[in-house]
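Engineer: Pasting a structure here, questions to come.
The values are calculated or read from the model by the stated rules, or taken from the named source; none is laboratory data. In this text, all values refer to a predicted model and were calculated from it rather than measured experimentally. Here the Cβ positions follow ideal geometry from the backbone for every residue, glycine too, while neighbour counts run over all protein chains shown.
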Amino acid sequence: MALLRQERKSMMKHLLQRMTALLLAGVLAGCGMTAAALATPEQAATPEAAVPELSPAPETATPENAAPTLLQAPSLPRTGQVVTGTVSPIGTTINLFDYWITTRDAPDNVNPANMDQGINAGKALIFTANPGRGSGINNYTGSASPRPNMVLPTLQGGYPQLTQSGQSLDYLFNPALPNAGKASYANVRDLLQIDSDGYYYYDCTQDFAQFDEASNAFTLYTPPGVQTAGAQPLLGQFFPFNNYEQVKNLNARNPAINHYFGLTMTTRFVQQPYGTVDGTAGGTPVTYDFSGDDDVWVFIDNVLVGDLGGIHDAASLSINFQTGQILINGQPNGTLRSKFEAAGAPWTNGSSNTFADDTYHTLKFFYLERGNVDSNMQLKFNLVSIPQSDLIKVDQTGAAVPGARFNLYYANEDYTYDPQNLIATGTTGPDGTFVFQNPDGTLLSLNNLKNEYGGPGQTGKFVLVEEDVPAGYRAPGPIDLYFPADFPQLATLLSANPWDTGAYASPTVTVTLPDTVEDLQGQQYPADSGTYFAVVLKRQTAGGNGSSTQSQWYPVSGDPITGWNVAAGTDMSAVLQAARANPYLFVLDSSGAYKDTIDNLPGDILTYYYVLTSNDQLTDSNAQYTVGFYRTSAASLADATPENTVRLNDGEAINGQDFDREFAVRLFVPDIKNYLFVQKVAEDGYTPLTGAEFALYQASDVTDGVVNPGAQPFDTVTTRDQSQAQGDVITLGGAGVFPNTQPVLPDGTYYLKELQAPAGYAPSSDLVEVVVDNTDVYADAGTPYDDVTVLRGVGKIVRSMLQFAVPDDINATLTDIKASLYTASRYTPDTGNDWSVWTASGQAPLELSYYQNNQILEYGPTVPGDPVYFAVPAGWSRLKITQNYTAGTDQDLKIDLGDQDVSNVFARSTIVQVRNQSTRLVLQKVVTGPLGEVTRPFSFTVTLRDGNGTPLTGEYGGLTFSDQGTAETALTDGGEITLRGLPDGTVCTVHEEPVPGYETTVRINGGAPLPGPEATVTTQPGLTSILYTNHCTLTPPPDEPGRGTGSAPTPTPGPAATPTAVVSSPTPPGNPPTGDDFSPGFWLELSAAAGGLGLMLRRHKKL
């Protein structure tokens, strides 16, 4: 690589001259400016310096300047090599964004006629190919001088805010906020490298960075790619959304170049003593250096400390954390202290210009390329990262929940607390996370927290309260946290009530290698040779004290979502297999040491060997887990073999150094998003129907059970077949999901009403009351005789507790559960958790198991074929969910929770099922009179035409209608035929063949009798009935009274009756899914067949 770079410098002497000039100007090596920063008058004539002023009439693309042809720059062909050794530093998060004005793939080297679209729509900050010189925020500054004060001196809601317009730039930098002109990629990896001095860096003049969407990571290539557009083209530009091989030889002005993009980087770091990397007086100072264009803003603890806003040539920023001095383009620009004081932010280190020793901070870097043509970025820093303790707020599906504000209080032994004892606060960001902060805004260290509140005379207990629950979510309630009292050396908060709240504290550990390590045989190795890695091990039934030399330990691989796997063997082959599945590799960090962070540790942290030994708690049997450390002489894990791999002895110090461990905690706290499901079914109660429109009205829009005239729905849905495989919340036929057009379903009382039935069906007239509060979503099933049934299921288990549901080799506490039904005749909001208002239904509980379903987070029946929900025919309902400890065969992997209510760790599904009566015409026959012949068939001709008079053909009700729209049939006394599927407004004419001795009358829809033998009716939604009554006018002789006897003439027999049968819709094909992924009709039918009608009560409506 060094040889390639030297050859490139030899061929491009001007590049070396440029870098030398920058060094002489006092800029750090690797942070030089582009040609424009040192431009001669000829070199400065680039599009950023010579374009016309921005005007209301943007330049229109021409065939010459808009054709997306790859124009070859004057450069020799080159073959790039992939750079190895890229890193993603601990405690650093990088997000990447692609922006566009018209379409993502359109050339952006010219402006479209309409600039107010895409990422520019309605915004003050403009992406443009024609910035022009001027004083506005969208004009080119004409040099490397930035345009200061474009944004406020502090972050607002976590993002920069424009000073003049007041517009937040969250639409650019929030990966969770959609925009028609933006694509977001969160937590991207492998942009940075680390040099021999421990600096993380990226330099576009050394390597081209190409982003791969599939892997969500960068690939770096050398030599660099894309030339600047100056008079003397220089090589090396930053265009992450272009393919290296396609653009490496191009000029930055080429229309194939993707110019508009952004990047954010968040780094959490500790201010070491003396402001040096190793915390010594003579150590390397901690610095942060950047050079590039366009807009760059750097905030520390929400305060703007580096202001490089505007469309400009490459400008430089340098922050020295030893002195606190800040330089812009090599010139003094204040200090950390002055920036904080100017912003009105608290400064906690007296007269010093830098931060206090051993304090924790967050640096946020915001970068935009919006001025077109050249793009430069060089970044170099050696901030000392810290194992961060943070909170992750997710809903039941694992989606981030932003905007939740938390307070952490010091608590008494019984977890009561005084609101005055506020310790820390924070609000979840776009990714659902926040780091615990002191009230003054500085980061909270768990070590400091334990020292102050977990020592002698202190409880070491806390309560985390969600003070502001985002609208449309329900919170789990106060979360009790504690430092284990018998573990003074463990600064890790644990959750005391996970089964009540779903909050689970997942510990992480960052391990630092000593400079020299030793294997179990006493062979020593330097830390900078070979490949070092860690593997979690589980102790099975081995004896001894659990140490690495006395017990058999089995490698563990996997994760909490898909489950943990314990290897069958203990040999090195099993170790390497687990290591490749979970590659915990030691990498060099900015402190010059090799570190490895192991997150999502399986099992109980209090049963780890190191935790027990370091806290004098080890017994012969309580060590269940340990972390083994290994070295292979191979260059990578892929090449490791049992022969070149050894286990290290982490219990012995060498030259006064040992394996240093620092623990942190990631607290997963679920908020359950409110959903109301509605399902439309046919009159059989299980055939799903699509195309039904439902509206949800707020209670203020309903008076005395009637929607107010002119009231507008809060939200509407149209039923369709929902599928989780297609990204839907639920898999359910003929279903709709609220919220739909609204982002969330807030707390409140609503009414559900069917606005439009599917074609061929009549809408239900029922108005269903729905209550949404912080305990659940409830729906009133009404009476047993209406069209409404409410289905209640357990829904999804919250993702934070999934590790206890997945049937793996670690913990199966919630693999098997039971759900019991409780009902009430009425419901008052916010009383859902008061069990005194509910009455046990007396029905057998549902028995469910996680492994019986293929949908993540959901349960199926423990016994295949059993129901997975309750069908509630009337009133209000809720579920109580408990562990089913005796189910299955893995009791040794379960914690016995007894009768503990675990309902809050389940989302619980509420499905309002509404039946529709199909549009159908029923033709009925009744024979009366003393001599009426009840077995005689009476002949009919039925004619069908649509509203335009066109004959309807095909099969209806078992009758085949001809091209003239006619069919023949016959009915006897009590017989009927039902024609289903007729379009609304069908005109039906029925003619009965007259029979001597009979008088015929017709009733339409139960109306007054009309004379026959012909009747015409227009079908309406739902039922249309035609009743033919044939009254025999003959009377029996006086001497032989009786029906059908004597000398009276017998009517002539007619043709035989056509058999009539109503064809019901078939059961949906395939095996029924479960949980939120089910076909309710199947389970109802199956339960009825099994005699479970008490559990699955259905209501059949008369025609």
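Engineer: Could you list, in sequence order, all residues of segment 93-125 that are of a type in the set (Val, Ile, Thr), in contact (Cβ under 8 Å) with a residue 24 or more places away in the chain and surrounded by fewer than 21 Cβ atoms within 10 Å (Cβ to Cβ)? Walk me through it before giving the result.
Structural biologist: First, the residues of segment 93-125 that are of a type in the set (Val, Ile, Thr): 93-94, 101-103, 110, 119.
Within this subset, residues satisfying the condition of being in contact (Cβ under 8 Å) with a residue 24 or more places away in the chain are 93-94, 101, 110, 119.
Correct list: Thr93, Val110.
Engineer: Do we have Asp896 as surrounded by fewer than 17 Cβ atoms within 10 Å (Cβ to Cβ), more than 29 Å from the chain's Cα centre (by Cα) and within 27 Å of Gln883 (Cα to Cα) here?
Structural biologist: On the way: surrounded by fewer than 17 Cβ atoms within 10 Å (Cβ to Cβ): yes; more than 29 Å from the chain's Cα centre (by Cα): yes; within 27 Å of Gln883 (Cα to Cα): yes.
Against the criterion (surrounded by fewer than 17 Cβ atoms within 10 Å (Cβ to Cβ), more than 29 Å from the chain's Cα centre (by Cα) and within 27 Å of Gln883 (Cα to Cα)), Asp896 qualifies.
Engineer: I need the full set of residues from segment 126-144 which are surrounded by 15 or more Cβ atoms within 10 Å (Cβ to Cβ), over 37 Å from the mean Cα position of the chain (by Cα) and on the phi < 0 side of the Ramachandran plot, in order please.
Structural biologist: The initial filter retains those residues of segment 126-144 that are surrounded by 15 or more Cβ atoms within 10 Å (Cβ to Cβ), namely 126-133, 136-144.
Retained after the next criterion (residues that are over 37 Å from the mean Cα position of the chain (by Cα)): 130-133, 136, 139-144.
Listed by number, the residues that qualify are Asn130, Pro131, Arg133, Gly136, Asn139, Tyr140, Thr141, Ser143, Ala144.
Engineer: Kindly indicate whether any position in segment 989-1012 is exposed (fewer than 14 other Cβ atoms within 10 Å of the Cβ) and of a type in the set (S, T, N, Q).
Structural biologist: Yes, segment 989-1012 contains a residue that is exposed (fewer than 14 other Cβ atoms within 10 Å of the Cβ) and of a type in the set (S, T, N, Q).
Engineer: Another question, if that's okay. Could you tell me how many of the residues in segment 976-998 are acidic (Asp, Glu), more than 48 Å from the chain's Cα centre (by Cα) and at pLDDT below 95? Break it down into steps so the answer makes sense when it comes.
Structural biologist: We begin by selecting, within segment 976-998, every residue acidic (Asp, Glu); these are 976, 984, 992-993.
So of that shortlist, the ones also more than 48 Å from the chain's Cα centre (by Cα) come out as 976, 992-993.
Then drop every residue that is not at pLDDT below 95, which leaves 976.
So the count comes out to 1.
Engineer: If a residue must be more than 30 Å from Asp116 (Cα to Cα) and outside any strand (DSSP E or B), how many such residues does segment 165-201 contain?
Structural biologist: Residues flagged as more than 30 Å from Asp116 (Cα to Cα) and outside any strand (DSSP E or B) within segment 165-201 amount to 7.
Engineer: Next up: Please work out if Ala356 is assigned to a loop (DSSP other than H, G, I, E, B), closer than 26 Å to Val305 by Cβ, of a type in the set (A, V, I, L, M, F, W, C) and in the same structural domain as Tyr140 (by TED's automatic domain parsing).
Structural biologist: On the way: assigned to a loop (DSSP other than H, G, I, E, B): yes; closer than 26 Å to Val305 by Cβ: yes; of a type in the set (A, V, I, L, M, F, W, C): yes; in the same structural domain as Tyr140 (by TED's automatic domain parsing): yes.
Criteria met by Ala356.
Engineer: Looking only at segment 283-320, count how many residues are outside any strand (DSSP E or B) and either farther than 16 Å from Gly198 by Cα or β-branched (Val, Ile, Thr) (or both).
Structural biologist: Within segment 283-320, the first condition is being outside any strand (DSSP E or B), and the residues that meet it are 283-284, 286, 294-295, 301-302, 309-310, 312-314.
If we keep only those that are either farther than 16 Å from Gly198 by Cα or β-branched (Val, Ile, Thr) (or both) too, we end up with 284, 286, 294-295, 301-302, 309-310, 312-314.
Looking only at that region, the number is 11.
Engineer: Using the structure shown, decide if Tyr367 is out of contact with any Ser or Thr (no Cβ under 6 Å at 6 or more places or on another chain), assigned by TED's automatic domain parsing to the domain that holds Ala176 and surrounded by 17 or more Cβ atoms within 10 Å (Cβ to Cβ).
Structural biologist: Working: out of contact with any Ser or Thr (no Cβ under 6 Å at 6 or more places or on another chain): yes; assigned by TED's automatic domain parsing to the domain that holds Ala176: yes; surrounded by 17 or more Cβ atoms within 10 Å (Cβ to Cβ): yes.
The answer is yes for Tyr367.
Engineer: Right, Ala781: at pLDDT 95 or above, under 30 Å from the mean Cα position of the chain (by Cα) and not charged (D, E, K, R) or not?
Structural biologist: no
Engineer: Ok, one more. Just one of (1) in a loop (DSSP other than H, G, I, E, B); (2) surrounded by fewer than 19 Cβ atoms within 10 Å (Cβ to Cβ) trips up Arg147, so point out which.
Structural biologist: Unmet condition: (2).
Engineer: Condition (residue is surrounded by fewer than 22 Cβ atoms within 10 Å (Cβ to Cβ), assigned to a loop (DSSP other than H, G, I, E, B) and in contact (Cβ under 8 Å) with a residue 24 or more places away in the chain) applied to segment 204-214: is it met by at least one residue?
Structural biologist: Yes, the conditions are met somewhere in segment 204-214.
Engineer: With Tyr630, Tyr608, Tyr697, Tyr675 as the choices, which residue is among the hydroxyl-bearing types (Ser, Thr, Tyr), free of Cβ contacts under 8 Å to residues at least 24 places away in the same chain and buried (at least 16 other Cβ atoms within 10 Å of the Cβ)? Reasoning before the result, please.
Structural biologist: Numbers: Tyr630 fails: free of Cβ contacts under 8 Å to residues at least 24 places away in the same chain; Tyr697 fails: free of Cβ contacts under 8 Å to residues at least 24 places away in the same chain; Tyr675 fails: free of Cβ contacts under 8 Å to residues at least 24 places away in the same chain.
Step by step, each of Tyr630, Tyr608, Tyr697, Tyr675 is checked, and only Tyr608 is among the hydroxyl-bearing types (Ser, Thr, Tyr), free of Cβ contacts under 8 Å to residues at least 24 places away in the same chain and buried (at least 16 other Cβ atoms within 10 Å of the Cβ).
Engineer: Could you please find all residues in segment 933-986 being touching a residue at least 60 places away in the same chain (Cβ under 8 Å), under 16 Å from Thr1016 (Cα atoms) and touching a Cys at 6+ places or on another chain (Cβ under 9 Å)?
Structural biologist: Leu982, the sole residue that qualifies.
Engineer: Between a first residue in segment 862-873 that is among the hydrophobic types (A, V, I, L, M, F, W, C) and a second residue that is modelled with pLDDT of 95 or more and outside any strand (DSSP E or B), which pairs have beta carbons less than 6 Å apart while being 6 or more apart in sequence or on different chains?
Structural biologist: From residues that are among the hydrophobic types (A, V, I, L, M, F, W, C), the pairs are Val872/Ala781.
Engineer: Can you tell me which of Thr862, Thr910, Thr919 is at pLDDT 95 or above and of a type outside the set (A, V, I, L, M, F, W, C)?
Structural biologist: Numbers: Thr862 fails: at pLDDT 95 or above; Thr919 fails: at pLDDT 95 or above.
That would be Thr910, the only listed residue that is at pLDDT 95 or above and of a type outside the set (A, V, I, L, M, F, W, C).
Engineer: Give Phe299, Phe321, Phe239 a once-over and let me know the one that is buried (at least 24 other Cβ atoms within 10 Å of the Cβ), touching a Gly at 6+ places or on another chain (Cβ under 7 Å), among the aromatic types (Phe, Trp, Tyr) and assigned by TED's automatic domain parsing to the domain that holds Thr154.
Structural biologist: On the way: Phe299 fails: touching a Gly at 6+ places or on another chain (Cβ under 7 Å); Phe239 fails: touching a Gly at 6+ places or on another chain (Cβ under 7 Å).
None of the other options fit; the residue is Phe321.
Engineer: Of the residues in segment 650-702, how many are among the charged types (D, E, K, R), closer than 24 Å to Arg908 by Cα and outside any strand (DSSP E or B)?
Structural biologist: Matching residues across segment 650-702 total 1.
Engineer: Looking at segment 611-626 only, could you name the residues that are of a type in the set (A, V, I, L, M, F, W, C) and buried (at least 22 other Cβ atoms within 10 Å of the Cβ)? Break it down into steps so the answer makes sense when it comes.
Structural biologist: Looking only at segment 611-626, we keep the residues that are of a type in the set (A, V, I, L, M, F, W, C), and these are 611-612, 618, 623.
Residues satisfying the conditions are Val611, Leu612, Ala623.
Engineer: Further question: When residues of segment 624-641 are filtered for being farther than 30 Å from Asn811 by Cβ and either in a strand (DSSP E or B) or not small (Gly, Ala, Ser) (or both), how many remain?
Structural biologist: 4
Engineer: Take segment 386-408 and flag every residue that is crowded, with 21+ Cβ neighbours inside 10 Å and in a strand (DSSP E or B).
Structural biologist: Answer for segment 386-408, where residues must be crowded, with 21+ Cβ neighbours inside 10 Å and in a strand (DSSP E or B): Leu391, Lys393, Val394, Phe406, Leu408.
Engineer: More than 31 Å from the chain's Cα centre (by Cα), of a type in the set (Gly, Ala, Ser) and crowded, with 18+ Cβ neighbours inside 10 Å - does that describe any residue in segment 784-805?
Structural biologist: Taking segment 784-805 as the starting set, the residues that turn out to be more than 31 Å from the chain's Cα centre (by Cα) are 784-788.
From what's left, of a type in the set (Gly, Ala, Ser): none.
No, segment 784-805 has no match at all.
For (1) within 21 Å of Asn109 (Cβ to Cβ); (2) touching a His at 6+ places or on another chain (Cβ under 9 Å); (3) crowded, with 21+ Cβ neighbours inside 10 Å, each residue gets a yes or a no:
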| position | (1), (2), (3) |
| --- | --- |
| Pro223 | no, no, yes |
| Lys248 | yes, no, yes |
| Thr266 | no, no, no |
| Ala281 | no, no, no |
